[in-house]
Amino acid sequence: MLIEVTTTYVEMASLEKLRPGRLPPMPIKLESADSPSSALLLRSTYTHIATSQGWAIAKWTDEQWDEWFNHPERRRWILRAGVEPAGMVELEPQPGRQVEIVVFGLVPEFVGKGFAGHALTLATRLAWSVEHGKAERGEATQRVWLHTSSRDHPHAMSNYLRRGFRPFRTERKHKEVPT
């Protein structure tokens, strides 16, 4: 089936623009997931999120997962509510002292239950703290950005806007999706 997909790119130009989300019903924290021992948990969490959202990675091969996990610039975190994985965040420093939030998502069991605003607040603060490569080492991040799709959760865009992100580009494309 061919559908129109809208991708909206949003940005935040300073940490002072961040408007924190309300506290969730139970404490959540971000836990680094870049060690080889985290690969299986990260893969299962990402797949759980992707399957619920219809993202293509839900059908990746082992080779694609290995390539993704071994990407040298990206860093990943598991979002935990107690001991349960509630979601994940993936960040990648970009040229010009920018940081892209490559992945931000909650597992279905935590969607619609008051976790997303605070989780995005944590992810955004983390993005602002990312260290840059050799050429820009020691220099502060100047911009955090991400993109969201019309296929993402219906409240994703409003969460980004409420946290202080602002749209800077929109693309519309027709995409073939399985029925």
Breaking point among (1) over 28 Å from R22 (Cβ atoms); (2) modelled with pLDDT under 90, for R172: (2)
Failed item, numbered, when V144 is tested on (1) under 17 Å from L30 (Cα atoms); (2) buried (at least 19 other Cβ atoms within 10 Å of the Cβ): (1)
Candidate set: the stretch 82-112, residues that are among the acidic types (D, E) and over 14 Å from T124 (Cβ atoms); chosen: the one surrounded by the fewest Cβ atoms within 10 Å (Cβ to Cβ): E84
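Does any residue of the stretch 53-62 turn out to be of a type in the set (S, T, N, Q) and closer than 24 Å to P25 by Cβ? Let's see the steps before the verdict.
Of all residues in the stretch 53-62, those of a type in the set (S, T, N, Q) come to 53, 61.
Those left that are additionally closer than 24 Å to P25 by Cβ: 53.
Yes - at least one qualifying residue is present in the stretch 53-62.
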Every pair of residues 6+ apart whose Cβ atoms lie under 7 Å, when the first sits in the stretch 149-172 and is more than 14 Å from L106 (Cβ to Cβ) while the second is outside any strand (DSSP E or B) and polar (S, T, N, Q): R151/Q53; R163/T121; R163/T124
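Quickly run through the stretch 21-42 and pick out the residues that are in contact with a Leu (Cβ under 9 Å, 6 or more places away or on another chain) and at pLDDT 90 or above.
Of the stretch 21-42, the ones in contact with a Leu (Cβ under 9 Å, 6 or more places away or on another chain) are 21, 28-31, 33-34.
Across the stretch 21-42, the qualifying residues are G21, I28, K29, L30, E31, A33.
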Sole residue being within 22 Å of S158 (Cβ to Cβ) and surrounded by fewer than 17 Cβ atoms within 10 Å (Cβ to Cβ), chosen from L79, L15, L2: L15
Of residues in the stretch 129-149 being part of a strand (DSSP E or B) and not charged (D, E, K, R), the one modelled with the lowest pLDDT: S149
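Within the stretch 150-169, count every residue that is more than 21 Å from K17 (Cα to Cα) and of a type in the set (D, E, K, R). Before the answer, list the steps.
Step one: of the stretch 150-169, the residues more than 21 Å from K17 (Cα to Cα) are 150-154.
With of a type in the set (D, E, K, R) added as a condition, the list becomes 151-152.
Within the stretch 150-169, residues that are more than 21 Å from K17 (Cα to Cα) and of a type in the set (D, E, K, R) number 2.
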Filter result (buried (at least 17 other Cβ atoms within 10 Å of the Cβ), out of contact with any Pro (no Cβ under 6 Å at 6 or more places or on another chain) and among the polar types (S, T, N, Q)) within the stretch 22-46: S38
For T61: the one exception among (1) surrounded by fewer than 17 Cβ atoms within 10 Å (Cβ to Cβ); (2) within 14 Å of the chain's Cα centre (by Cα): (2)
The stretch 51-81 - residue that is in contact (Cβ under 8 Å) with a residue 12 or more places away in the chain and part of a helix (DSSP H, G or I) and, of those, farthest from L120 (Cα to Cα): W65
Any hit, the stretch 106-118, residues being touching a residue at least 24 places away in the same chain (Cβ under 8 Å), in a strand (DSSP E or B) and closer than 22 Å to V10 by Cα: yes
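The values are calculated or read from the model by the stated rules, or taken from the named source; none is laboratory data. This structure is a prediction, so every number in the text was calculated from the model and none was measured. As a convention, Cβ positions derive from the backbone with ideal geometry for all residues, glycine included, and neighbour counts pool all protein chains shown.
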